[in-house]
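Undergrad: Here's a structure for you.
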Amino acid sequence: MELQTQIDAFEHYLSVQNLSENTIRSYLFAVRQYFQMYPELTLSNLQMYKLYLLEHYKPQTVNLRIHALNGYLNYLEWPDSRILQVRIQQKAFLDQIISEGDYEYLKARLLGDEKYLYYFLIRFMAATGARVSEVIQFTVEDVENGYKGIYSKDNKVRRIYIPATLQRDTIRWLERIGRKSGDIFLNPSGHRITPDGIRKQLKRFADRYHLDEQVLYPHSFRHRFAKNFIEHCNDISLLSNLLGHESIETTRIYLRRSSSEQKAIINQIVDW
């Protein structure tokens, strides 16, 4: 079978697995990258491809490409040819999360500069724990209800709650701008704002307000929600459900302290 025909068939196979567009795109990219480098699918070539990935990419990216190629091998019914992923050593600390102080400072600056769209956007991410792809789906109706139902890949519904204070403030803002229905986070053209647009704008805010660009990214606010939640309510099982994690082990990372927090504790208690 011609390679492009085979890749098209693989794409169709992925589409009926109820995978996201981003996942399908990453699978196809890995398969095309492999065949651009190696004309045949052999065990030797697969190992060479793994070595190439290790030399050119970070471990997380290496594992994403390997996972994608293993998906292709499963599609071909070559399970014995699967490539082993690389083991990633986890840090004993959790970094690159916006601090509570910087979060409050950013809110105050956005409010003072009348950047209400982004003021409410970061509040929604930090107060609900929603992913950026989920936050942009919130509608006026969701705000009025006080929650949004998000469907997962296995067609389960996860409820994202809007805290009462955020619900009240958002309703006032929507009434002030005359938004009565539909999406609440719109760009100047009147279309739903995109995750990429949010990332770029946050970088601009980091520069304008002299904040660390490394911690001013969308997922950082989801991390902030999780850290605050675990500090105020030590229920990791509930937090795992709220975040939509498939495994509670994924959520346990929020039990760790940041490296700066670890250093502060050491400086405070160690005097010997």
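Undergrad: Which ones in segment 170-189 are open to solvent by 70 Å² or more (accessible area, probe 1.4 Å) and among the hydrophobic types (A, V, I, L, M, F, W, C)?
TA: Ile177
Listed here are the residues, each with its yes/no results for (1) under 28 Å from Gln201 (Cα atoms); (2) modelled with pLDDT under 90.
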{"residue": "Gln85", "(1), (2)": "no, yes"}
{"residue": "Ile98", "(1), (2)": "yes, yes"}
{"residue": "Arg109", "(1), (2)": "yes, no"}
{"residue": "Phe120", "(1), (2)": "yes, no"}
{"residue": "Tyr151", "(1), (2)": "yes, yes"}
{"residue": "Arg168", "(1), (2)": "yes, no"}
{"residue": "Ile171", "(1), (2)": "yes, no"}
{"residue": "Ile177", "(1), (2)": "yes, no"}
{"residue": "Lys180", "(1), (2)": "yes, no"}
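Undergrad: Of the residues Lys203, Lys148, only one is charged (D, E, K, R), more than 23 Å from Cys233 (Cβ to Cβ) and outside any loop (DSSP other than H, G, I, E, B); which? Spell out how you get there, then give the answer.
TA: Numbers: Lys148 fails: more than 23 Å from Cys233 (Cβ to Cβ).
Just one listed residue meets the conditions, Lys203.
Undergrad: A follow-up question, please. I'd like to know if segment 155-169 contains one or more residues that are closer than 27 Å to Gln214 by Cα, part of a strand (DSSP E or B), open to solvent by 50 Å² or more (accessible area, probe 1.4 Å) and free of Cβ contacts under 8 Å to residues at least 60 places away in the same chain.
TA: Within segment 155-169, not a single residue is closer than 27 Å to Gln214 by Cα, part of a strand (DSSP E or B), open to solvent by 50 Å² or more (accessible area, probe 1.4 Å) and free of Cβ contacts under 8 Å to residues at least 60 places away in the same chain.
Undergrad: Can Asp212 be described as modelled with pLDDT under 70, acidic (Asp, Glu) and open to solvent by 60 Å² or more (accessible area, probe 1.4 Å)? Break it down stepwise before answering.
TA: On the way: modelled with pLDDT under 70: no; acidic (Asp, Glu): yes; open to solvent by 60 Å² or more (accessible area, probe 1.4 Å): yes.
It is false that Asp212 is modelled with pLDDT under 70, acidic (Asp, Glu) and open to solvent by 60 Å² or more (accessible area, probe 1.4 Å).
Undergrad: When you look at Ala130, is it small (Gly, Ala, Ser) and part of a helix (DSSP H, G or I), yes or no? I'd like the intermediate steps shown before the answer.
TA: On the way: small (Gly, Ala, Ser): yes; part of a helix (DSSP H, G or I): no.
The answer is no for Ala130.
Undergrad: Right, here's the next one. Would you please list the contacts, defined by Cβ atoms under 6 Å and residues six or more apart or on different chains, that run from a residue in segment 32-45 that is over 17 Å from Trp78 (Cα atoms) to a residue that is at pLDDT 90 or above and among the aliphatic types (A, V, I, L, M)?
TA: As it stands, the answer is none, since no pair meets every condition given.
Undergrad: Still on this structure, please answer the following. Glu114 is checked against (1) more than 22 Å from the chain's Cα centre (by Cα); (2) open to solvent by less than 90 Å² (accessible area, probe 1.4 Å); (3) under 30 Å from Ser189 (Cα atoms) and fails just one. What number does that condition carry?
TA: Single failed check for Glu114: (2).
Undergrad: So how many residues does segment 1-46 have that are charged (D, E, K, R) and within 20 Å of Val62 (Cβ to Cβ)?
TA: So the first thing to find is which residues in segment 1-46 are charged (D, E, K, R), and the list is 2, 8, 11, 21, 25, 32, 40.
In the following step, the residues that additionally are within 20 Å of Val62 (Cβ to Cβ) were identified as 25, 32.
Counting residues in segment 1-46 that are charged (D, E, K, R) and within 20 Å of Val62 (Cβ to Cβ) gives 2.
Undergrad: Hey, among the residues in segment 190-203 that are basic (Lys, Arg), out of contact with any Pro (no Cβ under 8 Å at 6 or more places or on another chain) and surrounded by 12 or more Cβ atoms within 10 Å (Cβ to Cβ), which one's nearest to Glu100 (Cα to Cα)? Outline the logic, then answer.
TA: The first filter runs over segment 190-203 and keeps only residues basic (Lys, Arg), leaving 192, 199-200, 203.
Next cut, out of contact with any Pro (no Cβ under 8 Å at 6 or more places or on another chain) only: 192, 200, 203.
From what is left, the residues that are surrounded by 12 or more Cβ atoms within 10 Å (Cβ to Cβ) are 192, 203.
Working: Arg192: 28, Lys203: 18 Å.
Among them, the one singled out is Lys203.
Undergrad: Is it the case that some residue within segment 68-80 is free of Cβ contacts under 8 Å to residues at least 60 places away in the same chain and under 30 Å from Ile160 (Cβ atoms)? Even if it seems obvious, please write down each step before you answer.
TA: Taking segment 68-80 as the starting set, the residues that turn out to be free of Cβ contacts under 8 Å to residues at least 60 places away in the same chain are 68-71, 73-74, 76-80.
Add one more test, that the residue is under 30 Å from Ile160 (Cβ atoms), and what stays is 68, 71.
The answer is yes, given that some residue of segment 68-80 is free of Cβ contacts under 8 Å to residues at least 60 places away in the same chain and under 30 Å from Ile160 (Cβ atoms).
The values are calculated or read from the model by the stated rules, or taken from the named source; none is laboratory data. In this text the structure is predicted, and so the values were computed from the model without any measurement. Neighbour counts are summed over all protein chains in view; Cβ atoms, including those assigned to glycine, are modelled from backbone coordinates with ideal geometry. Protein only, heavy atoms only, side chains kept; ligands, DNA and RNA dropped before computing areas. Shrake-Rupley method; radii C 1.70, N 1.55, O 1.52, S 1.80 Å.
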